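Reading through the structure tokens given below for one structure.
The values are calculated or read from the model by the stated rules, or taken from the named source; none is laboratory data. Predicted, not measured: the structure shown is a model, and the values here were computed from it. Ideal geometry is used to build each Cβ from the backbone, glycine not excepted, and the neighbour counts take in all protein chains shown. These accessible areas exclude ligands, DNA and RNA; they are computed on the full protein's heavy atoms, side chains included. Shrake-Rupley method; radii C 1.70, N 1.55, O 1.52, S 1.80 Å.
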Amino acid sequence: MNKKPAPSIDQWMKEAKADPNASKIGMYLVHNGTVRETAKAKVRFGEDHAANVTGMEFSYDAQKVSAAIEEAKHYEGIYFVRVWLNEGTLSLGDDIMYVLIGGDIRPHVIDALQALVGIIKNECVFEKELH
């Protein structure tokens with residue numbers, strides 16, 4: 001499975017600002033996750049001897065992602081949600097995901113972004129670091 005071309009965030013923003021709910025939105029946040037060389041075991045769990053990453057196998061459950069997006073659209077103050085996930089064998093620096101959240105005020109948007117990315121990473125995707 002080959003990796004997919006990344007979306008245009010400029011285009012996403014144009015679409016978000018043309019959305020019928022755009023007048024309710026006071027803030028947009030974009031998350032762009034990328035493949036890094038430092039192993040998850042090292043940065044998350046302090047395992048200093050973890051080998052560097054050379055790439056990643058990445059896939060996702062589309063139904064779970066869709067359900068997470070629909071749930072996020074009902075978070076307090078959230079009026080726009082867009083998600084793109086890559087797939088296949090990814091190299092260092094490749095995009096893993098983009099998430100765009102638009103909402104009324106900063107605390108709602110920050111909380112929604114953190115919650116949605118957490119659900120996607122913990123419940124919807126499969127990542128295997130390559131060493």
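Search the stretch 9-38 for residues being out of contact with any helix residue (DSSP H, G or I) (no Cβ under 9 Å at 6 or more places or on another chain) and not in a helix (DSSP H, G or I), and hand back the single one that is least open to solvent (accessible area, probe 1.4 Å).
In this case the residue turns out to be V35.
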Keeping to the stretch 77-92, report how many residues are in a loop (DSSP other than H, G, I, E, B) and either open to solvent by less than 30 Å² (accessible area, probe 1.4 Å) or out of contact with any strand residue (DSSP E or B) (no Cβ under 6 Å at 6 or more places or on another chain) (or both). 3
In this structure, is A41 at pLDDT below 95, assigned to a helix (DSSP H, G or I) and either within 14 Å of the chain's Cα centre (by Cα) or surrounded by 14 or more Cβ atoms within 10 Å (Cβ to Cβ) (or both)? yes
Working only within the stretch 98-123, note down all residues that are surrounded by 21 or more Cβ atoms within 10 Å (Cβ to Cβ) and either over 30 Å from P20 (Cβ atoms) or within 13 Å of the chain's Cα centre (by Cα) (or both). V99, L100, I101, A112, L113, L116, I120
Hey, can you tell me all the residues within the stretch 46-70 that are surrounded by 15 or more Cβ atoms within 10 Å (Cβ to Cβ) and part of a helix (DSSP H, G or I)? V65, A68, I69
